[in-house]
């Protein structure tokens, strides 16, 4: 006799698992703990099999019968419903948010610094995957995404929530570009998160103020190693870690070049050395040239200078962290080279080792615009020298040959 809604409601769990039969192989399995699962018994290729249809009451009696009838149609067509369900689950797993995110991460992370890769995957494994990782990418809505982000905000990590929405947006857009179903739900979340105050690296982009700071840096009275590093930082405007880990084997004083691999983009970079930079390196070489590092640690020449050495030196001279950091020299160079010296932005970006691309979509290699960058770096060094000497803070006193 077929099951009824009342019979299901009145069914009590027993000491053993019970089966309440409906019709055409459909039954409700009731566990001793009270759980209720819809199953369908069928035979395929001479073997008896079971197909899980869903859980009661989420799946009603009427819906369970409809699922059974769909499975019977497959069976009549010579298709194993259980195998078909496994194929569908595998396809759904391949298009799950976590699967797509890990695929995107595998493609992008080789171009990132190890620290950035670690932060990215830890963020997703801690705050994203447990909540929406198993969900089909195409079924994740903006409201569901916002719930995930609110959970991050609730512990006070507002900046992390903003980072998460940006990173998730990249994954969703990759899914669209790689022909998965779905859209980017994060595009509808603009303004939905708690605002976060900007935490940009402090930089001085006003020439007059930069002139004062250059004179302060040049007056440093500590060790020659730190003094040279402080003088080279604004001249070369590389990332702080790249400067303090510079090695003599990568520096060609005869050809005025420093060649190394960018710590962030993993691209090879050539830094042309202006006359002023060469003079500083020639001054330092007798002291540190016998070891691998241009700026060795005070604890031994086999390790590079501490990442806090230059910051500590600046703070000791009264330069507050709200005014300037060593990373801030990059922002200062980017702004002044563009707005004051009128250099071409693509040449500046190439020298900053940003992962820019040419009009055909190809990444610039280490020799892109090399002649122009040689000229630009000399113009930049001459400009800084004139600023420090108190001249030319507002007017460029020489011809811009690299524009």
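The values are calculated or read from the model by the stated rules, or taken from the named source; none is laboratory data. Please read all numbers here as calculations on a predicted model, not as lab measurements. As a convention, Cβ positions derive from the backbone with ideal geometry for all residues, glycine included, and neighbour counts pool all protein chains shown.
Which residues, counting only those in the range 171-184, are surrounded by 16 or more Cβ atoms within 10 Å (Cβ to Cβ) and under 23 Å from residue 119 (Cα atoms)?
Answer for the range 171-184, where residues must be surrounded by 16 or more Cβ atoms within 10 Å (Cβ to Cβ) and under 23 Å from residue 119 (Cα atoms): 171, 172, 174, 175, 184.
List the residue pairs whose Cβ atoms are under 6 Å apart, where the first residue sits in the range 31-51 and is under 15 Å from residue 80 (Cα atoms) and not assigned by TED's automatic domain parsing to the domain that holds residue 72, the second is crowded, with 17+ Cβ neighbours inside 10 Å and modelled with pLDDT of 90 or more, and the two are 6 or more positions apart or on different chains.
Note: no pairs meet the criteria.
Give just the number: which of (1) touching a residue at least 24 places away in the same chain (Cβ under 8 Å); (2) touching a strand residue (DSSP E or B) at 6+ places or on another chain (Cβ under 9 Å); (3) assigned to a loop (DSSP other than H, G, I, E, B) does residue 343 not satisfy?
Failed condition: (2).
If residue 84 satisfies every condition in (1) free of Cβ contacts under 8 Å to residues at least 12 places away in the same chain; (2) outside any strand (DSSP E or B); (3) out of contact with any helix residue (DSSP H, G or I) (no Cβ under 8 Å at 6 or more places or on another chain) but one, which is the exception?
(3)
When the range 267-277 is examined, which residues are found to be exposed (fewer than 15 other Cβ atoms within 10 Å of the Cβ) and either modelled with pLDDT under 95 or closer than 21 Å to residue 310 by Cα (or both)?
Within the range 267-277, just 268 meets the criteria.
Quick one: how many residues across the range 195-225 are at pLDDT below 80, more than 25 Å from residue 340 (Cα to Cα) and over 19 Å from the mean Cα position of the chain (by Cα)?
Number satisfying all stated conditions: 2.
Okay, residues lined up against (1) loosely packed, with under 14 Cβ neighbours inside 10 Å; (2) on the phi > 0 side of the Ramachandran plot; (3) at pLDDT below 90:
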residue: 51; (1), (2), (3): no, no, no
residue: 69; (1), (2), (3): yes, no, no
residue: 73; (1), (2), (3): yes, no, no
residue: 82; (1), (2), (3): no, no, yes
residue: 85; (1), (2), (3): no, no, yes
residue: 98; (1), (2), (3): no, no, no
residue: 101; (1), (2), (3): no, no, no
residue: 109; (1), (2), (3): no, no, yes
residue: 153; (1), (2), (3): no, no, yes
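Residue check: is residue 142 within 21 Å of residue 178 (Cα to Cα) and in contact with a strand residue (DSSP E or B) (Cβ under 8 Å, 6 or more places away or on another chain)?
no
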